[in-house]
Amino acid sequence: MASTATQPRRLVIVESPTKARTITGYLGEGYDVEASVGHIRDLPVPSELPADMKKGPYGRFAVDVDNGFEPYYRVDPGKKKKVAELKKLLKDADELYLATDEDREGEAIAWHLLEVLKPKVPVKRMVFHEITPEAIQRALENTRDLDDSLVDAQETRRILDRLYGYETSPVLWRKIKPGLSAGRVQSVATRLVVERERERMAFVPAEYWDLDLTLEVPGTAGSAFGAKLALVDGTRVAGGRDFDDRGQLKPKSDVVVLDEARAKELAEVLNTSAKESLSVSALETKPYTRRPAAPFTTSTLQQEAGRKLRMSARQTMRTAQSLYENGFITYMRTDSAALSGQAIAAARRQVTELYGPDYVPNSPRTYASKQKAAQEAHEAIRPAGDSFRTPAQVSNRLSGDEFRLYELIWQRTVASQMSDAKGSTATMRITADLGDGHSAGFTASGTVITFKGFLAVYEEGKDRDRYDSGDGSTRLPNVSEGQALAVEHAEADGHTTAPPPRFTEASLVKRMEELGIGRPSTYAAIISTIQDRGYVTTRGNALVPSWVAFSVVRLLEEHFGSLVDYRFTADMENDLDRIAGGAEEGKHWLSAFYFGEGDQGRVGLKPTVDDLGEIDAREINTVRIDDGIDLRVGKFGPYLEVAVEGEETPKRVNVPADLAPDELTKEKAKELIELQGDGDRELGVDPETGHTIVAKNGRFGPYVTEVIPEPEAPAEEPARKTRKKATGPKPRTASLFKSMDLQTIGLEEALKLLSLPRVVGEDAEGTPITAQNGRYGPYLKKGTDSRSLQTEEQLFEITLEEALEIYSKPKTRGGRTAAPPLKELGNDPTNDKPVVVKDGRFGPYVTDGETNATLRKDDSVEGITPERAFELLAEKRAKGPAKRKAPARKTTAKKTTAKESTASKRTAAKSTAKKTTATKSTTSRTTAAKKPTAKSTATKAKDAE
């Protein structure tokens, strides 16, 4: 319909460009849809405050803690252009619709937009949890006012995290190493991973034996089945679960522990004299019923995508964000497992169409959230729309990761409304007469599914168990009590108890949710943060803590105990929920957290920091490995400090970077000490110089060097302490090749290394070409022109002809030949320029020829979609060009002349009546400059915890 003079213009502001493009197609004429690209303003870093504010009450945190915890906000410089665009569109609008996400963060973004834009037209809060024509239309018809309580909760959380981080992180810098950080949830998540590693380090393995047994019905072909040894002479046989982590039997364990000799003896008897002495002593058959799992919440989606699709939490959320913004699934940040009436009807209808009426239960299934207080008012994550599209119907519109995740969500949603799986479980108990009054008991069990029900579509995954006994799907022969059985094969089977398994991202998310720590919407950001900070690395799917994480957790446990206490952290989440619900005021809660509540016996953060006392940095950074052997966390990484008898200075031994903490046992430490010896191996004497050549193990790895005698001081001028050290020739040094070993390198190899750089020859103009080993590997050098070599051995083997051939080829940036684009993604709708994926110096990136945007950690060349590429480019454009630092010079600080009203003064008591945006008044706060930090909605929770 064409726009007319009487038709009102409506400005709709969402968070991401992708979301804006999708919604535009549903709204049509009369609507301008624009993206804010995440937050438009935030708390600045205190160093970027205006000069006249740095010494004032906002100078330390950008928050005035002494006057009601008033925050100081400023518009990001990179967002000023975006704000100008929004203001220009608002001038021609008759109504403003704030359509950011319906959660705390989204509500806060809407409030910040309202504060900065200062609209003079009616404002409506538009919310929806799926992007379909029907949902958008319903949202237009059911707008509401801004929820002040949600904004208060988000602002409280933001200030809380600023206070937490800015008070505790400097302690880590002083006592451990610069650049570390502490956070309300990231520190607790790190503690969980470190505590699990401590359990593994303290674990003592225990050995136990049982039998690998196969039985059969005599004379019946194909009747073989597996059985488990359960009893010996009426006493239960010990298994892995009967031992504690110290390798001892658990208290009150009335079991018999089989050793190797006893197990082999039993196997021998069963294979010979007692081979046909077995019979079925009992047979129990029970009906089997299994219900489907609830639809996905944010947490369960991250867990299941990790188990089944091997996707990280961050990758899962990024992919889900793309699916949501393009209208394929509902909102992906939710604690609720409930489905709407339309969704239940759609699922039941699809089950009937695809599997038949027998697979649909008589009444709809309903699911309650496991969370005590689900934070967001959304339904579960499900396919979007009032009727679901099957995976086959969307396969040609989705990338690999998007399709796999959509299929998983579709399966889980549809299965949740299907009939139970049914069958029967049989347990067989078997007795064997071993002679001489001895006996053995065995068990065998299996489940037979007679009606698949929801299993026809989906089966929930599970995390690895320490002692997984199998899935119980063994097929048992049709026997009756008293049936004679025979041994087909019996063999002694030895086992060692397993340490607690390391957390995976999925199991860590599950554990944090169980403890009530953090919110599912922030789990992906938290796990990414502890990885980016170097506290945790991944080995396969397992999360392995670094030694730095051990030091950080120990310092926080000993001096900030409450801040990393699981119950205390969970209670903070409940308190934020109370604020979001309007039951408590954020500023009052912040005061109690920061200053403490004497009448309640609660010690605040500030008194804790002010009364830390003396912290022994050496002790904090030390882990005892064995008597006389300590692991120290140093500036350049971990190392062993070994006491040497008769010497005051202990010996240092490097610890390999890829050695996990639980692998550094006493035996391993001694092996490293022996391997590295004294650190110096005398290899012999250089026949040309007469200098001794030694091999050493240094901070940056093994190397060889020569020992140059100290020059003697003249007799008439005795050396004094204040004299400058006599100068002389510097000793030659050379790093060992990767193929060389410190303990086996000989004098001849060492002299070859010390001979580098090697002159290969001269080119036609007489310019020498040399082969050298540098920081980034072996290379050739001719004047100022360098070319990389493929292997270190080429340093000694490459000929002049080969070198000239390398130089005859044109040089390309980074030594790579120019390559065609890795992928073409179509034209950017913003400027109609072709967008491609290229391989750059720092990895793959998307470009439209003018703007370049590096792919994020969880973006892949194969999986990136045109929409995701357009969003990355839009974010990069919003940030603007990177500003170079100007040379240091004395200038008069330019004072800000224009001040922007930015903060809200909320009333001390909150009315329970419905609030409107008009109730929120503002006070004037200065706007300062800050380096651009534009955030997409996919990453808006990055700083949440």
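Only helices (runs of 4 or more DSSP H) wholly contained in segment 551-655 count here; list those with 1 or more residues that are under 26 Å from L508 (Cα atoms), of a type in the set (F, W, Y) and without any contact (Cβ under 8 Å) to a residue 12 or more places away in the chain.
Working: elements: 566-580, 586-595, 605-610, 617-620.
Correct list: 566-580.
Is it true that A189 is of a type outside the set (D, E, K, R), in a helix (DSSP H, G or I) and farther than 21 Å from S562 by Cα? Step through it out loud before you land on a result.
Values: of a type outside the set (D, E, K, R): yes; in a helix (DSSP H, G or I): yes; farther than 21 Å from S562 by Cα: no.
So A189 does not fit the description; no.
Could you say whether any residue in segment 661-673 is exposed (fewer than 12 other Cβ atoms within 10 Å of the Cβ) and either closer than 26 Å to R174 by Cα or hydroxyl-bearing (S, T, Y) (or both)? It would help to see each step written out before you state the result.
Of the residues in segment 661-673, the ones exposed (fewer than 12 other Cβ atoms within 10 Å of the Cβ) are 666-667, 671.
Now drop any that are not either closer than 26 Å to R174 by Cα or hydroxyl-bearing (S, T, Y) (or both), which leaves none.
No, segment 661-673 contains no residue that is exposed (fewer than 12 other Cβ atoms within 10 Å of the Cβ) and either closer than 26 Å to R174 by Cα or hydroxyl-bearing (S, T, Y) (or both).
Search segment 67-87 for residues that are within 30 Å of G586 (Cα to Cα) and pair each with any residue that is assigned to a helix (DSSP H, G or I) and not hydrophobic (A, V, I, L, M, F, W, C) when their beta-carbon atoms are under 6 Å apart and the residues are at least 6 apart or on different chains.
Hits for this filter: G68/K587; F69/K587; G78/K879.
Looking at segment 223-240 only, could you name the residues that are buried (at least 17 other Cβ atoms within 10 Å of the Cβ) and among the polar types (S, T, N, Q)?
Selection gives S223 alone.
Counting only residues that are more than 42 Å from the chain's Cα centre (by Cα) and either modelled with pLDDT under 90 or of a type in the set (V, I, T) (or both), how many does segment 745-763 have?
Going through segment 745-763 one residue at a time, the tally reaches 2.
Condition check: modelled with pLDDT of 90 or more, over 33 Å from the mean Cα position of the chain (by Cα), more than 21 Å from E875 (Cα to Cα) and not in a strand (DSSP E or B). Does L90 satisfy that?
Details: modelled with pLDDT of 90 or more: yes; over 33 Å from the mean Cα position of the chain (by Cα): yes; more than 21 Å from E875 (Cα to Cα): yes; not in a strand (DSSP E or B): yes.
Judged against the criteria, L90 is a match.
Please go through segment 198-222 and give me each residue that is surrounded by fewer than 18 Cβ atoms within 10 Å (Cβ to Cβ), farther than 27 Å from A261 by Cα and over 39 Å from the mean Cα position of the chain (by Cα), ordered by number.
Correct list: P218, G219, T220, A221, G222.
Just a yes or no: is a residue in segment 98-108 surrounded by fewer than 16 Cβ atoms within 10 Å (Cβ to Cβ) and touching a strand residue (DSSP E or B) at 6+ places or on another chain (Cβ under 9 Å)?
The initial filter retains those residues of segment 98-108 that are surrounded by fewer than 16 Cβ atoms within 10 Å (Cβ to Cβ), namely none.
No, segment 98-108 contains no residue that is surrounded by fewer than 16 Cβ atoms within 10 Å (Cβ to Cβ) and touching a strand residue (DSSP E or B) at 6+ places or on another chain (Cβ under 9 Å).
Quick check on this structure: which one of T522, T504 is among the polar types (S, T, N, Q) and modelled with pLDDT of 90 or more?
On the way: T522 fails: modelled with pLDDT of 90 or more.
Just a single option satisfies the conditions, and that option is T504.
How many of the residues making up segment 501-541 are touching a residue at least 24 places away in the same chain (Cβ under 8 Å) and assigned to a helix (DSSP H, G or I)?
Narrowing segment 501-541 to residues touching a residue at least 24 places away in the same chain (Cβ under 8 Å): 501-513, 515-530, 533, 535-536, 539, 541.
Checking which are assigned to a helix (DSSP H, G or I) leaves us with 505-513, 515, 520-530.
Going through segment 501-541 one residue at a time, the tally reaches 21.
Residues are listed down the side, and each one gets a yes or a no for (1) free of Cβ contacts under 8 Å to residues at least 60 places away in the same chain; (2) part of a helix (DSSP H, G or I):
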residue: S281; (1), (2): no, no
residue: K286; (1), (2): no, no
residue: E304; (1), (2): no, yes
residue: K308; (1), (2): no, yes
residue: Q315; (1), (2): no, yes
residue: I344; (1), (2): no, yes
residue: T366; (1), (2): yes, no
residue: S387; (1), (2): yes, no
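Looking only at segment 666-690, which residues are in a loop (DSSP other than H, G, I, E, B) and touching a residue at least 40 places away in the same chain (Cβ under 8 Å)?
Taking segment 666-690 first, the residues in a loop (DSSP other than H, G, I, E, B) are 677-679, 686-690.
Selection gives G677, D686.
So which of K264, K275, K252, K308 is more than 30 Å from P205 (Cβ to Cβ) and assigned by TED's automatic domain parsing to the domain that holds L476?
Working: K264 fails: more than 30 Å from P205 (Cβ to Cβ); K252 fails: more than 30 Å from P205 (Cβ to Cβ); K308 fails: assigned by TED's automatic domain parsing to the domain that holds L476.
None of the others qualify; the one that does is K275.
Name every residue in segment 102-159 that is basic (K, R) and assigned to a loop (DSSP other than H, G, I, E, B), in order of residue number. Write out each step before concluding.
First, pick out the residues of segment 102-159 that are basic (K, R): 104, 118, 120, 124-125, 138, 144, 157-158.
Within segment 102-159, K118, K120 qualify.
The values are calculated or read from the model by the stated rules, or taken from the named source; none is laboratory data. What you are looking at is a predicted structure, and each value in this text was computed from that prediction instead of being measured. Every residue, glycine as well, gets a Cβ built from its backbone with ideal geometry; the counts of neighbours run over all protein chains shown.
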